[in-house]
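Undergrad: Once you've had a glance at the structure underneath, I'll fire off some questions.
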Amino acid sequence: MLFPSSMQKKWIIGNWKMQAGALLATRLPTEIASFLNGLTVSPHVAIAPSYLWIDSARQALGDEARVLLAGQDCSVHAEGAFTGEVSANMLREIGCSLVIVGHSERRQYHRETDAMVLSKLQRAHEAGLIPIVCVGETLEERESGGHLAVVEAQIKHSILAGGSPQKPFLVAYEPVWAIGTGKTATLADILQMHKHIASVLSCATSGGANAIPVLYGGSVKASNANEILKLDGVDGVLVGGASLKADEFCAIISAAVE
Ligand code: PGA
């Protein structure tokens, strides 16, 4: 599925995880909005607060429509008696445009399978959200040389198994060993994987290799964002820890338009 040309800008997405209390959840969007005010050109910017703070973040953004809201996850179900779950429709109703699905922390700590990730992608599409599908190998898988095959299998089973999606989606390549560890993949590693992902996607989708934005995530910060964003095939970054500091996150936004 091709994104319209306005979608070809870089994506800078902050994943707050189970961090940022009520105060920070309003202060961060306010600071990001005032930073964007001074920019003439901006990339696509999105933040993924905890479910509880999505509405506060939305209110803090005010009229700043350039910052999109994302859920950190959604249920595999559209609706029903599923205590503690949040549906893609509810995210849409509260003002989200995007939702992260298949983050490695969900796959690892909540035993989410590729089949579940595919269901979430489908629920997101039905609700009118753009899913951000996370894939990535563990350190063991990389060291044994299986990383390309692992990520290829994740893409096939968590995105393409239901047929080529007809609505927009993003892919985030996040090597598990680089998340929250301070260890970033080398530029050569990122380049190689993004090329591989593009070729897997292009074989299976009508839009071709460049049609689906592929983001990198894993210890992205202000000091390395520029070189990562300049790489061929890197259409943006998914930022964890550094998205909780307004100055770091804004510097990453700047790096995307340099
Ligand atoms: P990190 O997290 O930037 O803290 O490594 C990235 C992510 O999990 O999306």
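The values are calculated or read from the model by the stated rules, or taken from the named source; none is laboratory data. Everything quoted here is computed from the prediction, not taken from an experiment. Here Cβ is always computed from backbone atoms with ideal geometry, including for glycine, and neighbour counts include all displayed protein chains.
Undergrad: I need the full set of residues from the stretch 144-155 which are in contact with an Asp or Glu (Cβ under 8 Å, 6 or more places away or on another chain) and part of a helix (DSSP H, G or I), in order please.
TA: Pass one, the stretch 144-155, residues in contact with an Asp or Glu (Cβ under 8 Å, 6 or more places away or on another chain): 146-147, 150-151, 153-154.
Matches in the stretch 144-155: HIS147, VAL150, VAL151, ALA153, GLN154.
Undergrad: Continuing with this model, one more query. Given the conditions (1) in contact with a Ser or Thr (Cβ under 7 Å, 6 or more places away or on another chain); (2) within 10 Å of the ligand (Cβ to nearest atom); (3) assigned to a helix (DSSP H, G or I), report the number of the one that PHE249 does not fulfil.
TA: PHE249 satisfies all of (1) in contact with a Ser or Thr (Cβ under 7 Å, 6 or more places away or on another chain); (2) within 10 Å of the ligand (Cβ to nearest atom); (3) assigned to a helix (DSSP H, G or I) except (2).
Undergrad: Identify all residues within the stretch 29-55 that are among the aromatic types (Phe, Trp, Tyr) and touching a Ser or Thr at 6+ places or on another chain (Cβ under 9 Å); write none if there are none. Can you show your working first?
TA: Here is the first cut: in the stretch 29-55, the residues among the aromatic types (Phe, Trp, Tyr) are 35, 51, 53.
Within the stretch 29-55, PHE35, TRP53 qualify.
Undergrad: Within 15 Å of the ligand (Cβ to nearest atom) and either crowded, with 23+ Cβ neighbours inside 10 Å or assigned to a strand (DSSP E or B) (or both), is that true of SER243?
TA: Values: within 15 Å of the ligand (Cβ to nearest atom): yes; either crowded, with 23+ Cβ neighbours inside 10 Å or assigned to a strand (DSSP E or B) (or both): yes.
When the stated conditions are applied, SER243 passes them.
Undergrad: From the list LEU231, LEU238, LEU201, which residue is among the hydrophobic types (A, V, I, L, M, F, W, C), crowded, with 20+ Cβ neighbours inside 10 Å and away from the ligand (no atom under 11 Å from the Cβ)? Please lay out each step first, then the result.
TA: Working: LEU231 fails: crowded, with 20+ Cβ neighbours inside 10 Å; LEU238 fails: away from the ligand (no atom under 11 Å from the Cβ).
Testing whether each residue is among the hydrophobic types (A, V, I, L, M, F, W, C), crowded, with 20+ Cβ neighbours inside 10 Å and away from the ligand (no atom under 11 Å from the Cβ) leaves just LEU201.
Undergrad: Which is of a type in the set (A, V, I, L, M, F, W, C) and in contact with a Pro (Cβ under 7 Å, 6 or more places away or on another chain), of ALA185, ALA225, ALA204, ALA198?
TA: Values: ALA225 fails: in contact with a Pro (Cβ under 7 Å, 6 or more places away or on another chain); ALA204 fails: in contact with a Pro (Cβ under 7 Å, 6 or more places away or on another chain); ALA198 fails: in contact with a Pro (Cβ under 7 Å, 6 or more places away or on another chain).
Just one listed residue meets the conditions, ALA185.
Undergrad: Output the residues belonging to the stretch 120-140 that are charged (D, E, K, R) and modelled with pLDDT of 95 or more.
TA: Step one: of the stretch 120-140, the residues charged (D, E, K, R) are 120, 123, 126, 137, 140.
The answer is LYS120, ARG123, GLU126, GLU137.
Undergrad: Same structure, new question: Of everything in the stretch 57-97 that's within 15 Å of ARG123 (Cβ to Cβ) and in contact with a His (Cβ under 9 Å, 6 or more places away or on another chain), which residue is surrounded by the most Cβ atoms within 10 Å (Cβ to Cβ)?
TA: Step by step, filter the stretch 57-97, then rank; the result is ALA88.
Undergrad: Counting only residues that are within 15 Å of the ligand (Cβ to nearest atom) and in a helix (DSSP H, G or I), which one in the stretch 204-228 is nearest to GLY163 (Cα to Cα)?
TA: Selected residue: ILE228.
Undergrad: Return yes when GLU152 is charged (D, E, K, R) and more than 19 Å from the chain's Cα centre (by Cα) and no when it is not.
TA: On the way: charged (D, E, K, R): yes; more than 19 Å from the chain's Cα centre (by Cα): no.
Judged against the criteria, GLU152 is not a match.
Undergrad: Among the residues of the stretch 159-215, which ones are among the basic types (Lys, Arg) and modelled with pLDDT under 95?
TA: Of the stretch 159-215, the ones among the basic types (Lys, Arg) are 167, 183, 195.
Correct list: LYS167, LYS183.
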